[in-house]
Structure formats: structure tokens, C-alpha cells
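Q: Can you read through this structure? Questions will come right after.
Read the figures in this text as sums done on the coordinates, not as results from a lab. Owing to the predicted nature of the structure, the values given are computational and were not obtained by experimental measurement. Note: ideal-geometry Cβ built from the backbone for every residue, glycine included; neighbour counts use all protein chains shown.
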Amino acid sequence: MKTGITELLGIEHPIIQGGMHFVGLAELASAVSNAGGLGIITGLTQGTPEKLANEIARCQEMTDKPFGVNMTFLPALKPPDYPGLFKVIIESGVKIVETAGNNPAQWLPMLKEADIKVVHKCTSVRHALKAERIGCDAVSVDGFECGGHPGEDDVPNFILLPRAAEELSIPFVSSGGMADGRSLVASLAMGAAGMNMGTRFIATQEAPVHANVKQALVDASELDTRLIMRGLRNTERVLTNANVERLLEKEKSLGADLKFEDIMPEVAGVYPRVMKEGDVEAGAWSCGMVAGLIHDVPTVKELIDRIMSEAEAIITQRLAEFQAA
Ligand SMILES: Cc1cc2nc3c(=O)[nH]c(=O)nc-3n(C[C@H](O)[C@H](O)[C@H](O)COP(=O)(O)O)c2cc1C
């Protein structure tokens, strides 16, 4: 399928795997790229420029197709070495960067100079327009359904995507709640040039995470996510568990007095315990409402091929029937 996003990024299918902390490693990114989508390595998971250089090199050994690196700007107690990480991305020859969390303007001149395409992920039309104005090549429009950080506007994709289509000139992909061929066709219908998936890609054979995490997503329904850190204006959608419910109790009882330190036990250092050790109850970890649409753990290629054939069938059969009627 050819769209503005496949043309821009040089990929076969309009499907992107969004950056995911402790999930977006070379194994998953290369599998997505080899299957014709765009795989993305999560820069901050590596921690140091040297480790990121190593992960990029591993991915380059596993695929000769384009892949990207995610750079997330979020409040951190100890800010990462962003200049060092961007230097490594440029020097390693990566040609696509997904930015998220905050305005990437500061980094655009050096990325453009290196002929790198920038896809900025954001959760509102105003931030998407800002990204377009500062020179990003495309945006991922992340609706309220999404796993991770949906922002504070709470606009779901049925409204957000057509609004983005009304305002943007650069190509955009849908993000949040995307799982299958129906998601892709709906995204295209609403003006997107493809879709970005996070949670769905975790439940694949190649995702380098513990089997318990994949099973937790198969077991979860669309009712099993919660929004945490609202009071800190750093809202995150996570899979519920006893620690998340305790965190929410603290948020309720402390109200406006809540500080990040109060919820440290439920959020700090959780990702390695969940993703590597399989302790899915360890604390809060991102998960989208789309968990309700995840029923199996296919290979990445099976998933992407299935999405594309479902999309094709919906367009040529289901939708064509309505045209004839
Ligand atoms: C476990 C997990 C970790 C994530 N980590 C990041 C991250 O580090 N940086 C980022 O920009 N987005 C991150 N995301 C968001 C995804 O890239 C993507 O935007 C989101 O998952 C889309 O919604 P979906 O889960 O409904 O597909 C994460 C999502 C999940 C599920």
C-alpha cells in the first residue's frame, strides 16, 4: 500500500511501531522493519550514548530496511545525555527519528542537517501544528485511548484524527487503540496516512519481553487500564494491578498535595522488573485500551501481513458492497 507515510519513510506498509521503554529493542524494531513496517528503537532505554550506538549496530545487523530511534522528552529526576544520544543517532546513519513528550525544536537543525526525517508524536492538534511549523516531516497523533502518555486533553481518535486532517499539511499517522486491519482502514478514512501501534506489538513473538507480559495483554480487557499521575499533569495510561490501585488511592487521599516522591514505590524502576523478569504486578507500566482487542501472540510478520490482508478485504469487499447498494 502506498501512502504519504510509506513514501516519506521508504517502507512497504503504513505501519509504525512506536518507541516503548524496555520493549523497543533491536529484536522488535528489526522484526517490524523486516516485515515491511517501521521498527523503532527506544533511545532512553539504553541510557548512555555508547549503549545506544551498540543497540543501533545490533539492529543494523538484523535488518537492511529503514528503522528509527525514539527520543522521549519527559520530566526526569536525572536528565539523560540528550546531546550525546542525538550525536550517536546521527553518526550511526539512522535516517528516521520519532520524538515525543515535548517540542523537539532544539534538535531539528542538527537532524535536518543529517537528512534525518522527524516524526513527532503528540496528543493534540495544536501540538501537531506546532510540529509542522517547526519543520517536522510527519506526526503521530496519539489519541486518549493510547498506552503511555495521552496528554491532558482527553480527545479520543474519532475526533482527534479528523481534526488533525482538517488542519495539517504534512502526513500523519493515527496512534492509540490501533490493532488490526479495521484500525488501519478507519485511520485512512479519517485522513491519516497510516498507523502507529504500541501495545499490540508487545504481544508478538519477537517482542523481547517476558512471556508473562504478553499473557497479561491477552488476558486484559479494554476495561483494565487506569490513568495515573493526572494531578502531576503527567498522565499515563497503565495496566491496572494492586500497586496501581494503591497509587490511585494515594492520589485520591493526597489530592493537590501529591508529589512525585509519594508514588515512587509504584513507578520507579518498574520497567526492568516487568519486562525482563515478568513481574507484571511490580508497579505501573504503560498499556493501551487496545488490550481488549489483543487475543493472540503472533509473529510480527504474521501480525503485519494479517493487518494488510484484512485492510485490503475491508476496502475491496465490505466497503465496496456499500458503494454498490
Ligand atoms: C509499555 C509501553 C512503553 C512505552 N514507552 C514509550 C516511550 O518510552 N516513549 C514514547 O514516546 N512512547 C512510549 N509509549 C507509547 C507508544 O509509543 C505508542 O505511542 C502508544 O503505545 C500507542 O498507543 P497503543 O498502545 O494504544 O497502540 C509506550 C507504550 C507502551 C505500551
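Q: Taking the Cα-to-Cβ direction at SER92 and at LEU77 and moving 7 Å from each Cα, how far apart do the two end points lie in nm?
A: Between SER92 and LEU77, the label points sit 2.7 nm apart.
Q: Give me the percent relative contact order of the chain, please, defined on Cα pairs under 8 angstrom at least 6 residues apart.
A: 17
Q: What FRET efficiency comes out for the pair ARG182/ARG126, r = Cβ-Cβ distance, R0 = 35 Å, nearest 0.05?
A: Values: r = 29 Å, r/R0 = 0.82.
For R0 = 35 Å, the calculated efficiency reads 0.75.
Q: For region 202-325, what is the Kirkwood estimate of the hydrodynamic radius, computed as the reciprocal of the mean inverse distance between distinct Cα atoms, to one decimal in Å?
A: Working: mean 1/r = 0.0604 Å⁻¹.
One decimal place: 16.5 Å for the Kirkwood radius.
Q: Also, I was wondering about something else. So what's the convex hull volume per residue for the Cα atoms of region 1-122, in Å³? Don't skip to the end; give the middle numbers.
A: Working: hull volume 11.5 nm³, N = 122.
Convex hull volume per residue, Cα atoms: 94 Å³.
Q: Counting only DSSP beta bridges with both residues in the chain, what percent are antiparallel, rounded to the nearest 5?
A: On the way: 6 of 34 bridges.
Of those bridges, close to 20 percent are antiparallel.
Q: Springs between alpha-carbon atoms under 10 Å, Gaussian network over the chain: tell me which of ILE56, ILE134, ILE40 tops the mean-square fluctuations.
A: Most flexible of the set in this elastic network: ILE134.
Q: Another question about this same structure. Within region 221-266, report the trypsin sites (Lys or Arg not before Pro) that DSSP leaves as loop and that have at most 16 other Cβ atoms within 10 Å.
A: Numbers: sites: ARG226, ARG230, ARG233, ARG237, ARG246, LYS250, LYS252, LYS259; in loops: ARG233, LYS259.
Filter output for region 221-266: ARG233, LYS259.
Q: A further question follows. Counting only C-alpha contacts under 8 Å and six or more residues apart, can you give the relative contact order of region 207-312 as a whole percent? Don't skip to the answer; put the middle values down first.
A: Working: 129 pairs, mean separation 38.9, N = 106.
Relative contact order, region 207-312: 37 percent.
Q: Run the helix sum for the chain: -39,500 (n - 2.57) per DSSP H stretch of 4+ residues, divided by residue count, reported at 222 nm to the nearest 500 deg cm²/dmol. Kindly include the intermediate steps, with their values, before the conclusion.
A: Values: 16 runs with 136 residues, N = 325.
Calculated from helices alone, the mean residue ellipticity at 222 nm is -11500 deg cm²/dmol.
Q: May I ask you to derive the FRET efficiency for ARG246 and ALA320 from their Cβ-Cβ distance with R0 = 51 Å, giving the value to the nearest 0.05? Numbers along the way, then the final one.
A: On the way: r = 51 Å, r/R0 = 1.01.
In this case the efficiency is close to 0.50.
Q: So how far apart, in nm, are the two label points at GLN215 and THR299 if each is 7 Å from Cα heading toward Cβ?
A: Reported label-point gap for GLN215 and THR299 is 2.4 nm.
Q: If you place +1 on the Cβ of every Lys and Arg, -1 on the Cβ of every Asp and Glu, and leave all else neutral, what size is the dipole of region 4-208 about its Cα centre, to the nearest 20 Debye? Show your work: numbers first, answer last.
A: On the way: 15 positive and 23 negative charges, 40 e Å.
It comes to approximately 180 debye.
Q: Continuing with the same structure: Using the basic label-point model (7 angstrom from Cα toward the beta carbon), what is the PHE260 to ARG233 distance in nanometres?
A: Roughly 1.4 nm, to one decimal.
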